[in-house]
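This report concerns only the one structure given below.
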Amino acid sequence: MPIPDHAVVLRGAGRRYGERAALRDVSLELATGSTLVIFGPNGAGKTTLLRMLATLLRPHAGEVRVLGRELPADGWAVRGRIGFLGHEPLLYRDLSGRENLRFHARLHGAPPARVEAVLEAVGMTSRADDPIAQLSRGMVQRLAVARTVLHEPELLLLDEPLANLDPAAAAQVQPLIGRASARTRVLTSHDPAGGLQGADLALGLKAGRVALLAPAASVTTAQIAELYA
Amino acid sequence: MRGTIAALLAKDMALELRTKESVPAMVLFSITTYVIFHFGLDRNAVSGDLASGVLWVTLLFAAILGINRLFVAEHEQGGFDGFLLAPVDRTALFVAKALGLFAFLCIVEVVAVPAFAVLLLGPSPAQALPGLLLVLVLANAGVAVTGTLVAALAIQTRARDLIGPLLALPLLVPVVLASARATTPLLQQGGAQALPGDWLAVLALYDLVFALIAYAVFDFLLED
């Protein structure tokens with residue numbers, strides 16, 4: 001399959017929840033292999049945008065293209081190529097981490113050996129057989145990262161991926177979901193300095209509208225702070 | 001699709017073994033209901049149409065408990081999103097859930113039907129057993145298909161514990177009616193009589209029609 005120049009293309013994309021517009025007229029292009037960081041206060045539309053890109057929400061207006069395919073029509077063609085890390089870990093609380101990852105591996109057609117590899121990569125091998133309900137939030141987040149990259153996706157959609165992680169754990173998952181992963185990434189952040197570092201493009205959302213869209217290197221933390229004012 | 005169904009089914013069975021949230025409750029409910037009928041009817045033994053009615057109404061209400069729990073883990077623990085993000089046929093979820101519910105119903109009946117025979121049934125059930133097994137399988141298939149469809153619909157609503165039974169009970173009336181009519185001759189005081197083929201055909205037709213409906217609409221229930 002040819003690799004598109006742009007992993008994500010939005011043209012006038014919009015999404016409503018009932019009468020309320022959660023996203024309005026969002027347009028951007030994200031080159032393959034680069035990173036987009038999204039800033040914005042709570043309710044600005046960050047999670048909605050990520051879920052729309054992940055094929056979990058239908059766009060109600062405009063054009064949305066992901067990995068060269070138009071959504072929602074071609075959603076089936078991109079699902080296995082996306083790794084989505086949202087606020088929920090998408091892990092069953094009464095199953096162990098290993099059982100959860102084996103289940104997701106079967107759904108994605110990933111080899112069983114990959115489960116052990118990602119468990120080791122997130123440092124959870126020793127607790128892999130404990131039920132999720134018995135793990136700390138940080139440990140669950142590490143397993144959620146493992147689930148996200150289990151099938152080696154081309155595009156990572158990460159909603160505050162380092163939430164609940166201590167500095168050591170955050171460093172440990174960087175090769176999987178950080179810039180070093182060499183994947184196209186779209187991530188949300190509330191940390192201006194940390195978010196801009198390692199990003200190519202910055203998007204600021206306010207009340208569902210684009211308030212800022214610029215190369216990350218040209219954006220200042222003061223501009224990000226203004227979004228939250 | 002077989003691999004996906006197997007993965008989903010194995011996960012559901014593992015969850016049930018771990019949590020024991022559905023099957024034990026369904027079994028306990030059935031036995032308790034038979035005890036209540038025992039005292040409520042003030043009879044030591046029932047037969048014929050009364051026995052058939054008691055058996056099927058109890059099994060139907062026990063099934064409702066399972067139907068209400070069917071998608072709870074998916075809804076509360078992100079299972080829907082996890083599944084929707086995978087490059088798999090969405091019908092696999094319906095098939096796996098229906099097979100899971102079918103298995104739960106069979107397990108419940110392994111305990112509930114003998115309990116019914118001990119607590120309430122007048123005639124010996126031995127003669128009726130082959131015919132009863134056939135009716136149970138056909139009825140379970142109908143309940144599993146319709147129940148899965150209703151559960152997927154109800155789980156999206158805020159009042160799912162109310163919506164599930166309100167939708168499922170009217171839709172399952174034909175199953176109870178046909179099963180009760182088919183079972184009545186088997187539970188006669190004088191000994192089991194022949195199975196009425198027309199009611200078995202009604203059950204089989206119901207299973208087929210609702211399986212086709214479910215196949216046609218299930219994907220839309222998962223859509224945003």
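The values are calculated or read from the model by the stated rules, or taken from the named source; none is laboratory data. Computed from a prediction, not measured in an experiment: that's the story for all the values here. Neighbour counts are summed over all protein chains in view; Cβ atoms, including those assigned to glycine, are modelled from backbone coordinates with ideal geometry.
Which members of the stretch A:185-219 meet the condition of being modelled with pLDDT under 90 and of a type outside the set (Gly, Ala, Ser)? A:HIS190, A:ASP191, A:PRO192, A:LEU196, A:GLN197, A:VAL219, listed by residue number. The test for being touching a residue at least 40 places away in the same chain (Cβ under 8 Å) and under 27 Å from A:VAL219 (Cα atoms) holds for A:LEU53. For B:PRO170, the conditions (1) touching a residue at least 12 places away in the same chain (Cβ under 8 Å); (2) surrounded by fewer than 17 Cβ atoms within 10 Å (Cβ to Cβ) are fulfilled apart from (1).
With the requirement that a residue be over 24 Å from B:ARG2 (Cβ atoms) and part of a loop (DSSP other than H, G, I, E, B), what does the stretch A:63-101 give you? Within the stretch A:63-101, A:LEU67, A:GLY68, A:PRO72, A:ALA73, A:ASP74, A:GLY86, A:HIS87, A:GLU88, A:PRO89, A:LEU91, A:ARG93, A:ASP94 qualify. Filter the stretch A:94-134 down to residues that are touching a Leu at 6+ places or on another chain (Cβ under 8 Å) and charged (D, E, K, R) and give me whichever is nearest to A:ALA180 (Cα to Cα). Residue satisfying both the conditions and the ranking: A:ARG114. Only a single criterion out of (1) surrounded by fewer than 20 Cβ atoms within 10 Å (Cβ to Cβ); (2) under 24 Å from A:HIS190 (Cβ atoms) is not satisfied by A:ALA146, namely (1). Residues in the stretch A:129-148 that are more than 23 Å from the chain's Cα centre (by Cα) and free of Cβ contacts under 8 Å to residues at least 40 places away in the same chain were compared, and the one that is farthest from A:HIS104 (Cα to Cα) is A:GLN134. Listed here are the helices (runs of 4 or more DSSP H) enclosed by the stretch B:1-107 that have at least 1 residues being under 20 Å from the mean Cα position of the chain (by Cα): B:2-19, B:23-40, B:48-69, B:72-76.
In this structure, does A:ARG81 turn out to be under 30 Å from A:ASP25 (Cα atoms) and crowded, with 17+ Cβ neighbours inside 10 Å? Yes, satisfied.
Yes or no, residue by residue, for (1) over 28 Å from B:THR4 (Cα atoms); (2) within 14 Å of chain A (Cβ to nearest Cβ); (3) among the acidic types (Asp, Glu):
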position: B:PRO24; (1), (2), (3): no, no, no
position: B:PHE39; (1), (2), (3): yes, no, no
position: B:ASP42; (1), (2), (3): yes, no, yes
position: B:VAL46; (1), (2), (3): yes, no, no
position: B:VAL54; (1), (2), (3): yes, no, no
position: B:ALA63; (1), (2), (3): no, no, no
position: B:ASP89; (1), (2), (3): no, yes, yes
position: B:PHE94; (1), (2), (3): no, no, no
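For the stretch A:128-163, a residue qualifies if it is in contact with a helix residue (DSSP H, G or I) (Cβ under 9 Å, 6 or more places away or on another chain), part of a loop (DSSP other than H, G, I, E, B) and among the small types (Gly, Ala, Ser), and the qualifying residues are A:ALA128, A:ALA163. For the stretch A:102-127, a residue qualifies if it is within 11 Å of chain B (Cβ to nearest Cβ) and part of a helix (DSSP H, G or I), and the qualifying residues are A:ARG102, A:PHE103, A:HIS104, A:ALA105, A:ARG106, A:LEU107, A:HIS108. Within the stretch B:115-155, being part of a helix (DSSP H, G or I) and small (Gly, Ala, Ser) holds for B:ALA115, B:ALA117, B:GLY131, B:ALA139, B:ALA141, B:GLY142, B:ALA144, B:GLY147, B:ALA151, B:ALA152, B:ALA154.
Contact annotation: residue pairs with Cβ atoms under 7 Å, 6 or more positions apart or on different chains, pairing a residue in the stretch B:55-80 that is over 30 Å from B:PHE116 (Cβ atoms) with a partner that is acidic (Asp, Glu) and surrounded by fewer than 21 Cβ atoms within 10 Å (Cβ to Cβ), are B:GLY78/A:GLU88. Checking each residue in the stretch A:23-46 for being touching a Leu at 6+ places or on another chain (Cβ under 9 Å), outside any loop (DSSP other than H, G, I, E, B) and not basic (Lys, Arg) picks out A:LEU23, A:VAL26, A:SER27, A:LEU28, A:GLU29, A:LEU30, A:ALA31, A:THR35, A:LEU36, A:VAL37, A:ILE38, A:PHE39.
Residues of the stretch A:84-101 that are surrounded by fewer than 21 Cβ atoms within 10 Å (Cβ to Cβ) and either more than 9 Å from chain B (Cβ to nearest Cβ) or of a type in the set (S, T, N, Q) (or both): A:HIS87, A:ARG98. Just so you know, in the stretch A:52-68 the residues that are surrounded by fewer than 17 Cβ atoms within 10 Å (Cβ to Cβ) and farther than 21 Å from B:GLY82 by Cβ include one that is nearest to the other protein chains (Cβ to nearest Cβ), and it is A:HIS60. Count of the stretch B:201-224 residues, restricted to those that are in contact with a helix residue (DSSP H, G or I) (Cβ under 6 Å, 6 or more places away or on another chain) and not small (Gly, Ala, Ser), is 7. Contact map, the stretch B:213-224: residues that are more than 18 Å from B:ALA86 (Cβ to Cβ) paired with residues that are assigned to a helix (DSSP H, G or I) and small (Gly, Ala, Ser), Cβ distance under 8 Å, separation 6+ or inter-chain. Pairs shown: B:ALA214/B:ALA98.
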